[in-house]
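Please read the structure below before turning to the comments.
The values are calculated or read from the model by the stated rules, or taken from the named source; none is laboratory data. Note that the structure is a prediction, hence the values are computed from the model and not measured. Please note: Cβ atoms are built from the backbone with ideal geometry, for glycine as well, and neighbour counts cover all protein chains shown. The accessibility values were calculated without ligands, DNA or RNA, using every heavy atom of the protein model including side chains. Shrake-Rupley method; radii C 1.70, N 1.55, O 1.52, S 1.80 Å.
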Amino acid sequence: MKSILITGGAGFIGSNFVRTLLRLEPDARIVNLDALTYAGSLENLRDLPAPERHTFVQGDICDRELVEDLLRQHQVDTLIHFAAESHVDRSILGPAPFVQTNVMGTFTLLDACRRVWGEADGFAGRRFHHVSTDEVYGSLEPGAPAFQEATPYEPRSPYSASKAASDHLVRAYFHTYGMPVTITNCSNNYGPYQFPEKLIPLMILNAVRGQALPIYGDGKQIRDWLYVEDHCEAIHRVVQDGKPGETYNVGGGNQPYNIDLVREICAILDELRPGARPYAELIQHVPDRPGHDRRYAMDISKIRAELDWVPRHDIESGLRATVQWYLDHPDWVRAVLEQDGYQTWLDKNYVERGGK
Ligand code: NAD
Ligand code: DAU
């Protein structure tokens, strides 16, 4: 890895990964291609550890000419693909951008690499890494075994269906053209710089603003939470030593009910930012997400055995660090909350649920 094209590197996981890579790879140069949709922000890329090795380019992964230019101009040997429309609720209310970015965008990147790397000296020393999700496997019944890499795909939301389609395209480029690809399918991330449409930052910021904490349905859904830094280190490990053509499941092994997770956030806030009343009093059950997946759990035995990766953070320390980060970054929080469209999104997603 010397010249790396990262897509979506101004988003939550991508911006954390840029930091991880600059720290772990002292010789790497990064080109960061991001469209700066509502979910991406240059605020996420302030104070990088080695900014001289990072070049930001605002642009769309569906822009084939731009992608080819970047691959040629920077002699890219490694592409790590994060860019996506990533929020399930938005995919329910408006699926079209999910198909465009997640399916067509991934296709554009793959085909641009096929051409540019093919015209140069071929695929030797190259890597296309695709960042995907556990949601492609569908929803688990209580007590059913955790998802393995061989679990059949059964996506159930427009978001997960679009990610599943992109995973299939990536594998097709390995089998058909011999492109050296790897895929990671990861569970729910949390940590610094996550946009407050996702459960954990939404609950933290609603709570400190004294607003309702909307729990979909009975709150007994289960996610497999992973601190974002652990995910970034797993991706780095797979890009370095993962076998071309292979998929690796990544997860945190922390599987509380949503309602218990939110209660835990409230308890941490009660301690770190005590209010007049316990924050848990703001919890409000609202109508469920349509097609809501009940439970995810990841079997990480493959990445542990082959690449010696395990998460370093447990949920208690990770959650506390995350709550503290949001409390310590009022400027970042203000910039996001004042962003055009944020309040409109809350109104669109929650008012009809009666959750505001
Ligand atoms: P995010 O929504 O925070 O960031 C996505 C980034 O992609 C943003 O910076 C956005 O501007 C950019 N982007 C969107 N469309 C683009 C386009 N057409 N061209 C260029 N850039 C574009 O997402 P995230 O949570 O950081 O997720 C990153 C990746 O990881 C996604 O592929 C997602 O499916 C996957 N993933 C996320 C999680 C999670 O819990 N957040 C878990 C597993 C996998
Ligand atoms: O599993 C990996 C996936 O995790 C990623 O691929 C997605 O990009 C990411 O958005 C995330 O999807 P989820 O739908 O699981 O995340 P979200 O934070 O939106 O919701 C987590 C759980 O919390 C889910 O069961 C829905 C519930 N929820 C969410 C919100 C926003 C609520 O109860 N209330 C809410 O207001």
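So, counting K/R as plus one and D/E as minus one, what does the shell of residues with Cβ under 13 Å around residue 272 add up to?
With Lys, Arg at +1 and Asp, Glu at -1, the net is -2.
Calculate how many DSSP beta bridges within the chain are antiparallel, expressed in % of all such bridges and rounded to the nearest 5.
DSSP beta bridges in the chain are roughly 5 percent antiparallel.
Between rounded, prolate and oblate, where does region 187-284 land on the alpha carbon gyration tensor, with a ≥ b ≥ c its root eigenvalues, rounded for a/c under 1.5, else prolate if a/b exceeds b/c?
Prolate shape, in that a/c is at least 1.5 and a/b is the bigger ratio.
Taking every DSSP beta bridge with both residues inside region 190-348, roughly what % is antiparallel (nearest 5)? Kindly include the intermediate steps, with their values, before the conclusion.
On the way: 2 of 8 bridges.
Roughly 25 percent of the beta bridges in region 190-348 run antiparallel, per DSSP.
Roughly what would the spin-label model give for residue 321 and residue 141, points 7 Å off Cα along C-beta, in nm?
If labels sit at residue 321 and residue 141, their model points lie 3.8 nm apart.
Mind checking which of 329, 87, 285 has the largest fluctuation in a GNM of the chain, springs on alpha carbons under 10 Å?
Ranking 329, 87, 285 by mean-square fluctuation puts 329 first.
Find the accessible area per residue for region 1-94; the probe is 1.4 Å, ligands and nucleic acids are left out, and the unit is Å².
Working: 3700 Å² over 94 residues.
Result: 39 Å² per residue.
At 1.4 Å probe size, what's the solvent-accessible area of residue 169? Round to the nearest 10 Å².
Accessible area of residue 169: about 50 Å².
Is region 240-314 rounded, prolate or oblate when judged by the Cα gyration tensor, a ≥ b ≥ c being the square roots of its eigenvalues, rounded requiring a/c under 1.5 and prolate requiring a/b larger than b/c?
Because a/c hits 1.5 or more and a/b fails to exceed b/c, region 240-314 counts as oblate.
So for the chain, if I pair up every lysine 8 or more residues apart or on another chain, how many of those pairs have alpha-carbons under 22 Å apart?
Total qualifying Lys-Lys pairs in the chain comes to 10.
Over region 169-268, give the accessible area per residue in Å² for a 1.4 Å probe, as an integer.
28
Taking H as built 1.01 Å from N, whose amide H comes closer than 5 Å to the amide H of residue 246, not counting residues under 5 places away?
183
Which of the three applies to region 80-177, rounded, prolate or oblate, going by the alpha-carbon gyration tensor with a ≥ b ≥ c and a/c under 1.5 meaning rounded?
Oblate shape, in that a/c is at least 1.5 and b/c is the bigger or equal ratio.
Can you tell me the length gained on complete extension of the stretch residue 121 to residue 36, counting 0.36 nm per residue apart and subtracting the Cα distance?
Using 0.36 nm per residue and subtracting the Cα-Cα distance, I get 27.4 nm.
Around residue 39, what is the net charge, scoring Lys/Arg as +1 and Asp/Glu as -1 over all other residues with Cβ under 11 Å from its Cβ? Could you put the intermediate results ahead of the total?
Working: positive: 90, 198; negative: 34, 85, 197.
Here the count lands on -1.
What's the local net charge at residue 314, with K and R +1, D and E -1, over the other residues with C-beta under 14 Å away?
Counting the neighbours of residue 314, the net charge comes to -3.
Whenever you get a sec, compute what percent of the accessible area on the chain sits on carbon and sulfur atoms (1.4 Å probe).
Carbon and sulfur atoms account for 49 percent of the accessible area of the chain.
In a GNM of the chain with a 10 Å cut-off on Cα contacts, which of 242, 178, 252 has the highest mean-square fluctuation?
Among 242, 178, 252, the largest GNM mean-square fluctuation belongs to 178.
Based solely on its DSSP helices, what 222 nm [θ] is calculated for the chain when runs of n ≥ 4 H residues each add -39,500 (n - 2.57) and the sum is averaged over all residues, nearest 500 deg cm²/dmol? Display every interim value, and only then the final one.
Values: 12 runs with 136 residues, N = 356.
Estimated from H runs of four or more residues: -11500 deg cm²/dmol.
Say each of residue 328 and residue 104 gets a label point 7 Å from the Cα, pointing the same way as Cα to Cβ; how far apart are those two points in nm?
Result for the modelled spin labels: 4.2 nm.
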